[in-house]
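Notes follow the structure.
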Amino acid sequence: MNVKLYNKPLEQIDAELTLEFVSAKTLETHPHYALLTQAGFKGEQEQITPLHEHRLLICGIDNTLSDEFYRSAMATAVKAAMNYTYTSLKCAQYTSERFSALIEGAVLGSYKFEHYKSESKPSKLSDIIFSNENSDGISNEIDLLEATLNQTLIIAKATNFVRTLVNQTPYDMTPQMMAVTADQLAGSNHLECTILDVNGLEEEKMNAMLAVGRASHNPPRLIHLAYKPKNPRKVITLVGKGLTYDSGGLSLKAAASMVTMKMDKAGACAVMGIIKAVSELKLDIEIHAFVGAVENMIGGNAYKPDDVLVAKNGKTIEVRNTDAEGRLVLADVLGYAQENVKADYIFDYATLTGACMVALGPYTTGIMGHNEALKQEWLNAAEQSGEYCGNLPFNRHLKKLIKSDLADVCNVSSKPYGGAITATLFLDNFIDEDMKQKWVHFDIAGSAYTESAWDVHTYGGTGAGVRMSLNWLMEHCK
Ligand code: BES
Ligand code: ZN
Ligand code: ZN
């Protein structure tokens, strides 16, 4: 889909279809009021009514003050327009702030993943054109709008890049393929890329990560991508959970819960998407993206409940459930990342717990960490970017739930509640003392993947984490 900006009034733009957002309020004064009401249009959010005889596509909007409502309405409108035979669609961009939300709606809403269909059904719609004139006939600075267009396109396309990685099957996207993909990204975006194979992981004493991957035919990989601009204002470490498949291991998942577990690599895909966007935006921020790419399988040599693992930082872990594998992988990757890069901040992204969905619902990323002010910055960034993020607070009592009588720490909690937080308190054991206040953990178990369309998302990976992270980075690393 080409998203374009023209420096002329909407009427003078040549396009086959015009998109208009109409609310219940503005409906009454609409020139096609009679026709629209006849068609049953009430101006409800995302209600779509085409007036083909007028080459108009009318989309309902509930809240004309909210970017979120426009972003989502735009996605729905573009999806509808793609089902017709028009090749171009034009749209007034209302205010300049709204412009970014509309572009996101267009790019994220038009995303299709047809890699596994024997026949793809390409849409005829190829151009979405915006005018620099808003709905009141006032024209905005074209340079400013062009900069917004460029920036928003990079971030939205990086989000789609993440979605496509997540959507690959576990057969296609093995840990080795994750490494190949990272290497390709490094080539196209001038990043540094280091890959550790099993030998490298053994040398680094990353025994927790190795244990998780041991029963798989697809051996694990540690991936380190680095973007190093000349004069970075900040150095940021990102860590992603990259379980290319999570069967649960010997603590095998039930059949129904195993389906969708190709998405357990979404944290890894997110950090790759973030470094992609930062490098394309040429931000003055040094980014290090670390990925633990592993497959959690069963087999005669599988790691077991009752095993004790020695993590890279020397701490011992009692394994009581092999399905709590993400935290074991992250324990070692966090250790490796902190040993190799002295960063101003360390952020990790992981589809870590089903409990996060129980706590916050299926759309919201859980945010956890010791630094309340830093978490608040992230909550604001998420809200501005159109992602949902909710704080899950630590307390000293929850910490006791992962105590082990046998080893330093246990990989599961002794109580069945608060699992998203106890998982994060487990990770806390692998955060160095000087990084405690600089660390934030994002649980994207719910937000990273969907089997039913919502907001700007269709079936599959959502690209959770990319938009909110770019928002935080651009705001706080200036
Ligand atoms: N990858 C899962 C978490 C998950 C569940 C992500 C559903 C997305 C959707 C993780 O490895 C896991 O299995 N966690 C267990 C932890 C438990 C054994 C303490 C869980 O959430 O049940
Ligand atoms: Zn698991
Ligand atoms: Zn997992």
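At-a-glance table
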item: Lone qualifier among K25, K8, K79, K90 - being part of a loop (DSSP other than H, G, I, E, B) and outside the structural domain of E383 (by TED's automatic domain parsing); result: K8
item: Filter result for M468 (open to solvent by less than 40 Å² (accessible area, probe 1.4 Å) and farther than 19 Å from L334 by Cβ); result: yes
item: Residue check, D264 over 17 Å from the mean Cα position of the chain (by Cα), within 13 Å of ligand 2 (Cβ to nearest atom) and within 25 Å of N160 (Cβ to Cβ); result: no
item: Selection count, the stretch 214-256, where residues are in contact (Cβ under 8 Å) with a residue 24 or more places away in the chain and either in contact with a Phe, Trp or Tyr (Cβ under 9 Å, 6 or more places away or on another chain) or within 12 Å of ligand 1 (Cβ to nearest atom) (or both); result: 28
item: Tally, over the stretch 207-255, of residues that are among the polar types (S, T, N, Q) and more than 16 Å from ligand 2 (Cβ to nearest atom); result: 4
item: Failed item, numbered, when L65 is tested on (1) in a helix (DSSP H, G or I); (2) among the hydrophobic types (A, V, I, L, M, F, W, C); (3) without any contact (Cβ under 8 Å) to a residue 12 or more places away in the chain; result: (1)
item: Hits in the stretch 438-460 - residues which are more than 21 Å from A268 (Cα to Cα) and in a strand (DSSP E or B); result: W454
item: Odd one out for Q93 among (1) surrounded by 18 or more Cβ atoms within 10 Å (Cβ to Cβ); (2) modelled with pLDDT of 95 or more; (3) polar (S, T, N, Q); result: (2)
item: Whichever residue in the stretch 344-360 is open to solvent by less than 10 Å² (accessible area, probe 1.4 Å) and either over 20 Å from the mean Cα position of the chain (by Cα) or under 11 Å from F290 (Cα atoms) (or both) and, among such residues, is nearest to ligand 1 (Cβ to nearest atom); result: Y349
item: Verdict on G267 being within 16 Å of ligand 3 (Cβ to nearest atom) and either in contact (Cβ under 8 Å) with a residue 60 or more places away in the chain or within 16 Å of G326 (Cα to Cα) (or both); result: yes
item: Some residue of the stretch 147-170 being touching a residue at least 12 places away in the same chain (Cβ under 8 Å), of a type outside the set (S, T, Y) and more than 26 Å from M468 (Cα to Cα); result: yes
item: Index of the failed condition, A101 passing every other in (1) free of Cβ contacts under 8 Å to residues at least 60 places away in the same chain; (2) open to solvent by less than 10 Å² (accessible area, probe 1.4 Å); result: (1)
item: Cβ-Cβ under 6 Å pairs, at least 6 apart or on other chains, the stretch 380-392 side under 11 Å from R467 (Cβ atoms), far side of a type in the set (D, E) and surrounded by fewer than 23 Cβ atoms within 10 Å (Cβ to Cβ); result: G386/E68
item: Output for the stretch 292-324, where each listed residue is within 26 Å of P170 (Cα to Cα) and either within 11 Å of ligand 1 (Cβ to nearest atom) or of a type in the set (V, I, T) (or both); result: V294, N296, I298, P305, V319, R320, N321, T322, D323, A324
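The values are calculated or read from the model by the stated rules, or taken from the named source; none is laboratory data. Source: prediction; values computed, not measured. Note that each Cβ is placed from the backbone with ideal geometry, even for glycine, and that neighbours are counted across all protein chains shown. When the accessible area is computed, the model is the full protein with side chains, heavy atoms only, and any ligands, DNA or RNA have been set aside. Shrake-Rupley method; radii C 1.70, N 1.55, O 1.52, S 1.80 Å.
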